[in-house]
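Presented below is the structure to which this report refers.
The values are calculated or read from the model by the stated rules, or taken from the named source; none is laboratory data. In this text the structure is predicted, and so the values were computed from the model without any measurement. We place every Cβ from the backbone using ideal geometry, glycine too, and count neighbours over all the protein chains shown.
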Amino acid sequence: MNKRTFLKSAAILGAGGLVLPQISFAGSTGSELSAADDTFKQNELGYAFNALEPHIDATTMEIHYGKHHSAYTKNLNSLVKENNVAEKDIIKIFKNVSKLPAGIRNNGGGFYNHNLFWEVMAPNAGGEPSGDLGKAITSDLGSFAKFKEDFSKAASTRFGSGWAWLVLKDKKLVVTSTPNQDNPWMDIAEVKGVPVFAIDVWEHAYYLKYQNRRADYIGAFWNVVNWKKVGENYQKALSV
Ligand code: MN
């Protein structure tokens, strides 16, 4: 193969999404990772892979977004087709998820949970929530400090892989956690509610930088929380 032929082949493979996108994009659209007709798409990251440094490292972000989340999304799209699931609303799928194959529960959760996770983080973030969310945390959960303690505990004590959540349940904020890729929308969830905020405590979310020190990762995570976005999620949840 001469140079020109090689470049042409590479360009064709790249356009087909087979070679280039998973490594080369930074803050680009998730749709590049999926076939155009796929129902479920990764949200844009909205910031560069290294934007959350030093709290969350660039390599973890690149693999987490470009490999893990990408795979959940791809698998979900394949599974809904294979199982003739016509429903396009992932929330409605979750509400009946116990009646569907386990792969849809696992990959559907992985698809949705990570889309939420990316948006509740941002560079130059952290601090404390203000406005209605800040007030609701104080009135429903005691204080911001108490919430931070309870949420960190839910995240650190979740055995194995899973997520900790802040959800709105009967118009009140509640802290909970789920195993694997389950989430509080699912009919199988112990505590059901509308998710407004979450942390991923799978080892793939922190192991490269923090190894076994999950508590250090959770501590660092507070520095990248996008409270503005979490506040918007809270407002939306009030109207669900
Ligand atoms: Mn993850």
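Data overview
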quantity	calculated
Residue tally, condition under 17 Å from TRP165 (Cβ atoms) and within 16 Å of the ligand (Cβ to nearest atom), over the stretch 107-146	14
Out of ASN84, ASN75, ASN96, sole residue that is within 16 Å of the ligand (Cβ to nearest atom), out of contact with any strand residue (DSSP E or B) (no Cβ under 6 Å at 6 or more places or on another chain) and not basic (Lys, Arg)	ASN75
Of residues in the stretch 27-38 being surrounded by fewer than 16 Cβ atoms within 10 Å (Cβ to Cβ) and in a loop (DSSP other than H, G, I, E, B), the one modelled with the highest pLDDT	ASP37
Filter result for TRP185 (in a strand (DSSP E or B) and within 22 Å of HIS68 (Cα to Cα))	no
Residue within the stretch 174-181 that is surrounded by fewer than 20 Cβ atoms within 10 Å (Cβ to Cβ), away from the ligand (no atom under 16 Å from the Cβ) and modelled with pLDDT of 95 or more present	yes
TYR210 free of Cβ contacts under 8 Å to residues at least 40 places away in the same chain and within 16 Å of the ligand (Cβ to nearest atom)	yes
Unique residue being crowded, with 21+ Cβ neighbours inside 10 Å and more than 23 Å from LYS172 (Cα to Cα) when the list is VAL120, VAL97	VAL97
Which listed residue is of a type in the set (S, T, N, Q) and not assigned by TED's automatic domain parsing to the domain that holds GLU53, from ASN124, ASN113, ASN96	ASN124
Residue in the stretch 227-238 that is surrounded by fewer than 19 Cβ atoms within 10 Å (Cβ to Cβ), within 14 Å of the ligand (Cβ to nearest atom) and modelled with pLDDT of 95 or more present	no
